Every structure is written in C-alpha cells, then in structure tokens.
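*Asks:* Take this structure first; my questions come after.
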Amino acid sequence: MKYRIKFSKYSSMVFIGHLDMMRYFQKAIRRAGLPIAYSTGFSPHQILSFAAPLGVGLFSNGEYADLEFTSEIKTAECKKRLQEVMVEGVDILSVKVLPKDAGNAMASVAAASYTVKIRKGHERDDFSFTKEFDRFMSQNEILIEKETKKSSKVLNLKEFIFDYKADADSIYLLVDASSSGNIKPGLVMEAYYQFLQKKPEAFEFVITREETYTRDQNGQLISLDAVGEDL
Amino acid sequence: MRKLALNDEILLTIEKPARYIGGEVNSVMKENKEELIRFVMCFPDVYEIGMSHLGIQILYDLLNSYEDVWCERVYSPWMDLDAIMRKEQIPLFALESQDPVSDFDFIGITLQYEMCYTNILQVLDLSNIPIFAKERTNEHPIVIGGGPCAYNPEPIAAFFDLFYIGEGETQYRALLDLYKNCQKDGYDRMDFLHKAAQIPGIYCPMLYDVTYHADGTIKVFYPLYDDIPKTIMKELVTDVNQVPYPKKPVVPFIKVTQDRVVLEIQRGCIRGCRFCQAGQLYRPVRERSLDFLKEYAIEMLDNTGHEEISLSSLSSSDYSNLSEFMDFLIEKCKDKHVNISLPSLRIDAFSLDVMSKVQDVKKSSLTFAPEAGTQRMRNVINKGLTEEVILNGARLAFEGGWNKVKLYFMLGLPTETIADVKGIAELANEVAKVYYETVPKEKRNGKVQITISTSFFIPKPFTPFQWAPMGYAQEFLDKAHTLKDTVLEQLNKKSIRYIYHEADVSVLEGAFARGDRKISDVIYKAYQKGCIYDAWSEFFKQELWDEAFEECGLNVDFYTTRERSVDEVLPWDFISCGVEKAFFIREWERAKAETVTPNCKMQCQGCGAARFKTGICFDKKN
Ligand code: SF4
C-alpha cells in the first residue's frame, strides 16, 4: 500500500540537506517500527521517494514523501508514530493513503508556493522590498536568462509565475515546479531586484516553501496530499 | 526552540553546517538548573570522526544518567569555521545547549591518537580557556584528559588539570561528588585538584615534578606532596555485564565514519602482539555475555534506526560465543533489513562462512593482517600467524568467490632486515599464486586484486617494544621503495598494488608517543605557528614542526631513534596498566630471541593483570 506523508522543516533542520533528510527519514521509519517495504536484490532499500528537493537554508510547510508499506496501517496511527520519533525542526503534518493509480510524488509535482521575507539585519532604509512587486508583475513579459547544464536560454518568467501577492513585509509566490519549468523563488527575486536596479545581498531573503502542488484531472492545482485519503 | 550559537549566514557559508547545530536524534537536553554540573565531552577532531567514537558515547550516556549532571559534546571546528570564529571572536560552544564551553564545569578531552594534540590547543583557545593549566583560575572549567594517549600524558601534561587513567565507567561519580563537596565550602581550584589526585586512576600533572640527567633522560619523577600517590594504577571495569552501555546512541544527521550501531562484544585481547599497545592497556580480556549482547543489539537498532550493526573488539574471532551470536544476529537482521559488518576477523572456514552470509562476496574484499613478511619477523612481534595459515585462508576465500584481498604490514619493526622487507612482496606474490592455482580460468572474475598496505612501526609505551629504536624517516622511505621494486620484479606484479603512508607524520607521532614533559612547549610553539589538524595530510606542515623542535632546543631523534636501556626511567613509568614492567622486559628479550609467547587462552604468562581479579585470568582458575 502506498502512503504519502507531508512534513514541515524549520528551526535548525533547515541546515540539513536533501540527501541527509532522506537518510533521516529512512532511520525514522525504522525507529517508528513501520512496515516499510523493501526493494529486492542484494542490497535492498526502502521504497521511499521524495517530492521536490528543498535547498539548504529554506524552511518548508509542505514537504512530501511517498512510501510503501507491506501491510495496512491507519493513517492517524502512522502519523502519530512518525511524529513520536521526529526531532525538533520536523513535524509530520499529514499522512494519506494513495489510490493505486497515483503518480509518484516526484513526477507529479506541478507547482510550489513560497513566501519570501527579508532576513533580520538585512532591512534596507532606502526602499520597502515589497512595494514595487505589483509593478514588476504588471510588465508584459519578464525575460530572464536561465542557465542550464550546457548553455543558457532566455525565457519569459511571467509564464511560470501562476500567482503572487505582495504584503507589507512578505511576497507570496506560486511558481512552476514541474520538471520542465522548475523555477526557484530566488530566481524571481533576482529578476525583481534587477527590475528595481538593485542587487540582492547574500542571504538577504528568508524563504519558506508553503505548499507543493500537483494537477487534478481538470488541470487544477491541488496540494499533493489532496490526492490521498484518510484510512 | 534552541537558539544556535552561529548565525544563519555563517551556517550557510560553511561546509556541512550540521556539524555545529546539535539536536540530533537521541542527543540529550536537560533543563539548565543552577545546581547542575555542566560537563562537555570533546573529541579534538572534526565532527564526523569524533561522532564515530564509541568511548565518548559510553561516557555521554553514563554522565547523562546522573540527574545532577548534563553532559554535552564538542568537536574541533573545521578549518573554514575555525577561521571565522577567530575573525569574529565567536567562542566555541557545546552542541546541545549551544552555550560557550568556557561556562562549563568540566571539559573532558578524549585522546585517541597523538596527532590530534594541536587540536586540543585549538579547542581550548577557541573556548577562551588558558592553554596552560597553571594559568587557569576558579572561573575556568576543569580540563580532564582520558583515552589511550593518557597512558603517556607527559607531552601534553602542561595543558591538562587532570588525566583519567583507564576505563571511564568507574571513577567519574567519585570525581563529581568531590567537585560538589568542594563547591559547598568556597570552591578553590587547587584544593579540588589536590583532592582529586587522591582518587584512584586520577593524575594531576601539576602536583608532580621531574628532574633530568645531563643527557636529557629522567633522573627522578616525584609527587610534590606526601599525600599524592607515586604510582597511578589504571581503572578497570571488573564486570562488563554490569556497566551501562548506551542503548540510545546519538544518531548524526550527516554521514559519519561509523554510521552504524557499534556493539562492543569484549574488552581486551588475549594475543599479546608485541607492537600492540591496546592489547596491553586493556588486559585482561573480559567478554560480554550473550544475553547482554542480544538485548543491546536489538534495542540499539530499534532506538537509532541504523541500517547496519558492527561488532567492536580488538580480535572478534577470539570471542567465545561468536558463532552463536552471529547466528542470532543474522537471523534478526534479516527480518529488519539490517547489514552486519565484521571487522577484525581471522580468515578461516568459520569466518568465511559468516562473511558469505552477510556480504556481497563479489564486491567485498578480505583483510589479512600478517603485519610482517617473514616467519622470523612474525615471531619477533609475536604475531602467531604462519604463512601456511595465511595461504590456506586465501585458498578458502578464493574458492568461496572472493578475489579482492588486502594485506596489512608494518615496516621498520625491531631487528628488521632487507629480507623481511622483501618477504612482504613475496608473501603477496604467493597469495596471488594461490589464486591462479585454485580458481580455474573459466571461473575467474578477472585478475585477483591484492593490495599491500604498509604503515611505519611506531614503538608505544606499555609494550615490549617501548625500549626499541624507531626508524628514521629516510630509512622508512628506502624500505618502502625496496618493497615497491620487489613487487615490480615479481611474476604477479600486475595483480598487486602497493600503498604506503608518509613517513614524516609517523616520526612525529613516534616522538609524541614516547615523549616527556619537555614536548609540551614544542606543541605549543607549533600551534602558535599555525599547526592544527596534523592527522590530516593536507594540513600537516613538517617545516613548522622542525622549527618548533629547534626553537625548544630539542632533538626528535632523542625520542624516536634512540634505543633505551631497560634501566632508564621512562616518562610514563609512574603509571601502571596492571601489566608489570618485568613482563615487558621478559617479552623484549624473547622478541630479540625470536621466540613466540603463547596467548592467555593457551597459557597464562603471569603478566600481572590478574591483580584485577576478573576476566580470562580469573575465569580459568575457577
Ligand atoms: S595474567 Fe595471564 S591470563 Fe591474565 S592477562 Fe596476564 S597473561 Fe593473560
């Protein structure tokens, strides 16, 4: 049976990279004594995969991992047992059972939402960082150069920003996170600062991933855990 | 939520910030009450090395089991953070509370190898604790050292308030109680240290003095007060089934050297190899019971979630119930999808059978440690392994499907000749020959891959070779070249790879291992010149060490290449590991006569360790 877990990442855990988070969960699942399934072969590994990797330093309220159990377990029970073995900085937010035909977490990611704030100590007197964002977004197109492995290509960033909202001290972004158009919030902020004719300082932003989305049959964005159900 | 000592920007700038944030699974947090004794355990090397050390985990668990103590951890900041901390004057902090180390009551430093000595100075320095013990005041933590290098603490005596000689489980409670008592009626550091020095196993270097002969050797070493012991006997656990062992070891977020459950199956070793210090320091052998091991193996796996378990001991093959315990582990680990790793097994039919059950034969390599290339040389070092046994083990292994073999040797052993050096290559060639004779062409999975690895022999205190001369760096290198040439002259040269270490670090290690109090100044000078992380070849700076020795008016050769007479007062003579000096002298003579000595299981040699009334010396007599 396939399950999907949603978790948060905060406090000192934001300094743990993606690969180490995977190792952390592998061990946590063992500590929780959950009936995880293993692959076959000489060195079997847990059937466990993660949705979009999160960069070091980013917070999250919407991380996902899919795993397969060899026997049925109630979702509430699973959530409780996993939460009991977590450290400060990771909380289990939901556990759902996936329908048989559900795509895996990684492949079905379509979009992700973020909030961007200014890090303490980086506030600037000369401008309010969110004020001009509406004007930035009202441009007809936002052309940027995106580096790929071999070359760089020009793309219209605006097509990849599905939604946004600028508040007094934060900017909300809903951006493409699919494998074909994976846009990092840092890239948007860079383009925005260029528009302002300013340069972002190193470590200027504190970024939180709020949610990770997939598309339903109608092409609507829904959170990854909306695919599954309680048991 | 815990507040971190380093700000986000620093943590995002440096390599592997997880080294400094604490908060790992099973790390211990306590409410910081006024009366709590704050203890921080330090391994003076980078986190990944330090976290892999069993001894600290044992003491961390023990000290945290006391309600009135909170024990935390600290490791050497890596070079990138070291530079930032100095520039921004950030004091070194403990991982759990993230509080400055200087606020603690005790800092315990484990001394596992000599090449970490400058890192001790780094840790003290970054903590704003005076590097020299005599400059510390009531405000500073008590700096206490322990571990194998504490058996000759003299080269670093100036930096420590106390040393704990022997196994840590026995006297910490007494030491902490004394500390509490001393605090009740107006704490005075020297008063506490004086009283501490009367606890068995505790050595306070400031309370001793030493005078020298004109030639630099020691005339007398003596306590400054009548109530301070002349000799310090090591502490030892008499019942290894009754002492606490960590059921919930800390699980690091990042990959460390030992990323697995480590289960200590026994302490000590029956073998008595004459070059081996550990084999003498931990005498006598004490085995843990099967019930103990079974219980701990399961609980530790459940509490950590590790996917691998490793057995720890000096010579696992000698553990009496190994076969039964392995059956149990293999069975349990299959259910749990846990891998078993088996270090230090003698290669024979039994161990090959076990290994074939727990490893991928095609991928894994087998390790033999003949330590010397000829039978004569092996007799000198008392390594009771014959060529026949080695080749037979190899044959069985090749039949079982293995084709990668690692062979470990030492160069520069006492009485070594060129024939012994060449013998290493010849033995490797014989092993290759066995492969081609044993495995028919159609069954071969490529060439046999034999790796010879040599280290340079370093005489260590509390071994029969503690009087032996060590080789010069150039001698070592010449021998390594001879060996290389011999390998290349042989028929099976294409199947044999040879690797050896740098000689300079070994020479320095040799000087520290048998050094006296005068060495403290050299270490201090070298540290000031920028020496740190000397165990890491990329940071080792030979020139600076040469300068430091010269400026202190000391000669490395005095400590390394000089043969000592058995009458000489050795810097560590005031310590006893339970084995008598007379036994070491006897063994030194037998070595020179190329005579093998039977191990503890075959026949007791009356080494002196029976005084502890436990382990193998005692079991047999009952
Ligand atoms: S007293 Fe005998 S049995 Fe005990 S450690 Fe020494 S040699 Fe071995």
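*Asks:* Could you check, for region B:528-538, whether at least one of its residues is within 16 Å of the ligand (Cβ to nearest atom) and among the hydrophobic types (A, V, I, L, M, F, W, C)?
*Replies:* no
*Asks:* Residue check: is A:Glu84 within 14 Å of chain B (Cβ to nearest Cβ) and open to solvent by 70 Å² or more (accessible area, probe 1.4 Å)?
*Replies:* When the stated conditions are applied, A:Glu84 passes them.
*Asks:* Taking A:Leu19 as meeting all but one of (1) part of a helix (DSSP H, G or I); (2) crowded, with 17+ Cβ neighbours inside 10 Å, write down the number of the exception.
*Replies:* With (1) part of a helix (DSSP H, G or I); (2) crowded, with 17+ Cβ neighbours inside 10 Å applied to A:Leu19, the lone miss is (2).
*Asks:* Which of the numbered conditions does B:Leu176 fail, given that it passes all the others? Conditions: (1) open to solvent by less than 10 Å² (accessible area, probe 1.4 Å); (2) outside any helix (DSSP H, G or I).
*Replies:* Answer for B:Leu176: the failing condition is (2).
*Asks:* Moving to a separate point now. Would you mention how many residues in region A:147-182 are assigned to a strand (DSSP E or B), under 24 Å from A:Glu210 (Cα atoms) and basic (Lys, Arg)?
*Replies:* The number of residues fulfilling the criteria is 1.
*Asks:* Within the bounds of region B:41-56, is there any residue that is within 13 Å of chain A (Cβ to nearest Cβ), open to solvent by 10 Å² or more (accessible area, probe 1.4 Å) and touching a residue at least 24 places away in the same chain (Cβ under 8 Å)?
*Replies:* Among the residues of region B:41-56, at least one is within 13 Å of chain A (Cβ to nearest Cβ), open to solvent by 10 Å² or more (accessible area, probe 1.4 Å) and touching a residue at least 24 places away in the same chain (Cβ under 8 Å), which makes the answer yes.
*Asks:* Another question, then. Among the residues of region B:286-332, which ones are open to solvent by 10 Å² or more (accessible area, probe 1.4 Å) and either β-branched (Val, Ile, Thr) or within 16 Å of the ligand (Cβ to nearest atom) (or both)?
*Replies:* B:Glu287, B:Ile298, B:Ser313, B:Leu314, B:Ser315, B:Asp318, B:Ser320, B:Ile330
*Asks:* Residues to consider are A:Ile5, A:Ile29; find the one that is among the aliphatic types (A, V, I, L, M), under 19 Å from B:Lys334 (Cα atoms) and at pLDDT 95 or above.
*Replies:* Exactly one of A:Ile5, A:Ile29 is among the aliphatic types (A, V, I, L, M), under 19 Å from B:Lys334 (Cα atoms) and at pLDDT 95 or above, namely A:Ile29.
*Asks:* Does any residue of region B:262-277 turn out to be within 14 Å of chain A (Cβ to nearest Cβ), open to solvent by less than 10 Å² (accessible area, probe 1.4 Å) and either farther than 22 Å from B:Ala157 by Cβ or among the hydrophobic types (A, V, I, L, M, F, W, C) (or both)?
*Replies:* The answer is no; no qualifying residue exists.
*Asks:* Filter region B:606-622 down to residues that are open to solvent by less than 70 Å² (accessible area, probe 1.4 Å) and either near the ligand (Cβ under 8 Å from one of its atoms) or without any contact (Cβ under 8 Å) to a residue 24 or more places away in the chain (or both) and give me whichever is nearest to the other protein chains (Cβ to nearest Cβ).
*Replies:* If we take residues in region B:606-622 being open to solvent by less than 70 Å² (accessible area, probe 1.4 Å) and either near the ligand (Cβ under 8 Å from one of its atoms) or without any contact (Cβ under 8 Å) to a residue 24 or more places away in the chain (or both), then B:Gly615 is nearest to the other protein chains (Cβ to nearest Cβ).
*Asks:* From B:Ile129, B:Ile90, B:Ile84, grab the single residue that is farther than 30 Å from B:His306 by Cα and touching a His at 6+ places or on another chain (Cβ under 6 Å).
*Replies:* Exactly one of B:Ile129, B:Ile90, B:Ile84 is farther than 30 Å from B:His306 by Cα and touching a His at 6+ places or on another chain (Cβ under 6 Å), namely B:Ile129.
*Asks:* Then there is this: Run B:Ile254 past the list (1) part of a loop (DSSP other than H, G, I, E, B); (2) more than 16 Å from the ligand (Cβ to nearest atom); (3) more than 14 Å from chain A (Cβ to nearest Cβ); (4) open to solvent by 10 Å² or more (accessible area, probe 1.4 Å) and report the number of the one that doesn't hold.
*Replies:* With respect to (1) part of a loop (DSSP other than H, G, I, E, B); (2) more than 16 Å from the ligand (Cβ to nearest atom); (3) more than 14 Å from chain A (Cβ to nearest Cβ); (4) open to solvent by 10 Å² or more (accessible area, probe 1.4 Å), B:Ile254 is out only on (3).
*Asks:* Which of the following residues is among the β-branched types (Val, Ile, Thr) and either crowded, with 20+ Cβ neighbours inside 10 Å or assigned to a strand (DSSP E or B) (or both): A:Ile29, A:Ile73?
*Replies:* When all the criteria are applied, what remains is A:Ile29.
*Asks:* Can you tell me which residue in region B:578-605 is farthest from B:Cys273 (Cα to Cα), limited to those that are within 13 Å of the ligand (Cβ to nearest atom), open to solvent by less than 80 Å² (accessible area, probe 1.4 Å) and not in a loop (DSSP other than H, G, I, E, B)?
*Replies:* My answer is B:Ala582.
*Asks:* Still on this structure, please answer the following. Name the single residue that is surrounded by the most Cβ atoms within 10 Å (Cβ to Cβ) among those in region B:147-164 being under 12 Å from B:Ile109 (Cα atoms) and out of contact with any strand residue (DSSP E or B) (no Cβ under 6 Å at 6 or more places or on another chain).
*Replies:* B:Ile156
*Asks:* Only one of (1) buried (at least 17 other Cβ atoms within 10 Å of the Cβ); (2) in a loop (DSSP other than H, G, I, E, B); (3) away from chain A (no Cβ under 14 Å) fails for B:Ser27. Which number is that?
*Replies:* (3)
*Asks:* Now a separate question. Within region B:303-350, which residues are within 12 Å of chain A (Cβ to nearest Cβ) and among the polar types (S, T, N, Q)?
*Replies:* Within region B:303-350, B:Asn303, B:Thr304, B:Asn339 meet the criteria.
*Asks:* Please go through (1) open to solvent by 20 Å² or more (accessible area, probe 1.4 Å); (2) closer than 17 Å to B:Tyr60 by Cβ; (3) not polar (S, T, N, Q) for B:Asp125 and return the number of the only condition it doesn't satisfy.
*Replies:* With respect to (1) open to solvent by 20 Å² or more (accessible area, probe 1.4 Å); (2) closer than 17 Å to B:Tyr60 by Cβ; (3) not polar (S, T, N, Q), B:Asp125 is out only on (2).
*Asks:* Answer yes if at least one residue in region A:117-135 is more than 14 Å from chain B (Cβ to nearest Cβ) and among the aliphatic types (A, V, I, L, M), and no otherwise.
*Replies:* No: region A:117-135 contains no residue that is more than 14 Å from chain B (Cβ to nearest Cβ) and among the aliphatic types (A, V, I, L, M).
*Asks:* Given the conditions (1) free of Cβ contacts under 8 Å to residues at least 60 places away in the same chain; (2) surrounded by 15 or more Cβ atoms within 10 Å (Cβ to Cβ); (3) in contact with a helix residue (DSSP H, G or I) (Cβ under 9 Å, 6 or more places away or on another chain), report the number of the one that A:His45 does not fulfil.
*Replies:* (2)
*Asks:* Still on this structure, please answer the following. I'd like the full set of residues that are in a loop (DSSP other than H, G, I, E, B) and either more than 30 Å from B:Ile58 (Cβ to Cβ) or within 14 Å of another protein chain (Cβ to nearest Cβ) (or both), limited to region B:202-229.
*Replies:* Correct list: B:His213, B:Ala214, B:Asp215, B:Gly216, B:Thr217, B:Leu224, B:Tyr225, B:Asp226, B:Asp227.
The values are calculated or read from the model by the stated rules, or taken from the named source; none is laboratory data. Keep in mind that this is a model prediction, so the values were computed, not measured. Note that we place each Cβ from the backbone using ideal geometry, even for glycine, and neighbour counts take in every protein chain shown. Just so you know, the surface numbers come from the protein's heavy atoms only, side chains and all, with ligands and any DNA or RNA stripped out. Shrake-Rupley method; radii C 1.70, N 1.55, O 1.52, S 1.80 Å.
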